[in-house]
Amino acid sequence: MEYPRFLVLEANSYDEDGYPIAAAWSLGEGTLKSVLIRPEDDWDEWDASNEDRHSITREQIELMGESVLDILREMTEDFEKVPVYVESTYLSEIWLNRMYEAYGAELPFEIYPVTDAFTGFDEHGLEQELQLLADNLFLDPRIPEEKVRLYLELFHRLTSASLV
């Protein structure tokens, strides 16, 4: 079975100057990758009050994060010539562009709303299904890696039942 490429980004804030701090994405065979993103030198804004939402500290991303350039190389290779499905196309595009623009590059792949990968579901219906699945599998959809796992599992279940 070929799986869609799902990408979930977490950012330090939802403000205009927000930047990605974590990413998880799936590959065609259903595996996933997950990284913390070490900020670029000029990405210095940090609102500690958001740590309750994403459970990631500035110190964590500075110590354990991978460089933006390494992540861009990996994403560019993994997403070559395939659609990439994201939760919020608006915010995801802002955050991805921020990463690529840090190296003078343009976003080299197309992103689409995650609902496009799940025919028959609107955004609200998809979130309900994901939350039910998360409750059953004891996964936290606020964590990018676990959200990608939920997308993969739901896609697998719907495909097995011939519903997508």
Take the residues in the stretch 147-164 that are surrounded by 12 or more Cβ atoms within 10 Å (Cβ to Cβ) and without any contact (Cβ under 8 Å) to a residue 40 or more places away in the chain; name whichever of them is farthest from Tyr85 (Cα to Cα).
Arg157
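Tell me, yes or no, whether the stretch 123-132 has at least one residue that is charged (D, E, K, R), in contact with a Leu (Cβ under 9 Å, 6 or more places away or on another chain) and over 26 Å from Asp17 (Cβ atoms). Working first, answer last.
Taking the stretch 123-132 and keeping what is charged (D, E, K, R), we get 123, 127, 129.
Okay, now just the ones that are also in contact with a Leu (Cβ under 9 Å, 6 or more places away or on another chain), so 129.
Keeping just the survivors that are over 26 Å from Asp17 (Cβ atoms) gives 129.
Yes, some residue in the stretch 123-132 is charged (D, E, K, R), in contact with a Leu (Cβ under 9 Å, 6 or more places away or on another chain) and over 26 Å from Asp17 (Cβ atoms).
It is to be established whether one or more residues within the stretch 20-32 are modelled with pLDDT under 90 and either in a loop (DSSP other than H, G, I, E, B) or out of contact with any Gly (no Cβ under 8 Å at 6 or more places or on another chain) (or both).
Taking the stretch 20-32 first, the residues modelled with pLDDT under 90 are none.
Checking the stretch 20-32: not a single residue is modelled with pLDDT under 90 and either in a loop (DSSP other than H, G, I, E, B) or out of contact with any Gly (no Cβ under 8 Å at 6 or more places or on another chain) (or both).
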Can you find even one residue in the stretch 66-87 that is closer than 19 Å to Glu146 by Cα, at pLDDT below 95 and not basic (Lys, Arg)?
yes
Tell me, yes or no, whether the stretch 92-115 has at least one residue that is buried (at least 19 other Cβ atoms within 10 Å of the Cβ) and either among the small types (Gly, Ala, Ser) or over 20 Å from Ile21 (Cα atoms) (or both).
yes
Would you please list the contacts, defined by Cβ atoms under 8 Å and residues six or more apart or on different chains, that run from a residue in the stretch 117-141 that is part of a helix (DSSP H, G or I) to a residue that is surrounded by 13 or more Cβ atoms within 10 Å (Cβ to Cβ) and of a type in the set (S, T, N, Q)?
Glu123/Thr115; Leu126/Thr115
Test Ser55 against the stated conditions and say whether it is at pLDDT below 95, within 16 Å of the chain's Cα centre (by Cα) and either surrounded by 13 or more Cβ atoms within 10 Å (Cβ to Cβ) or more than 23 Å from His156 (Cβ to Cβ) (or both).
yes
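The values are calculated or read from the model by the stated rules, or taken from the named source; none is laboratory data. These figures come from a predicted structure and were not determined experimentally. Methodologically, a virtual Cβ is constructed for each residue, glycine included, from the backbone with ideal geometry; neighbour enumeration extends over all protein chains shown.
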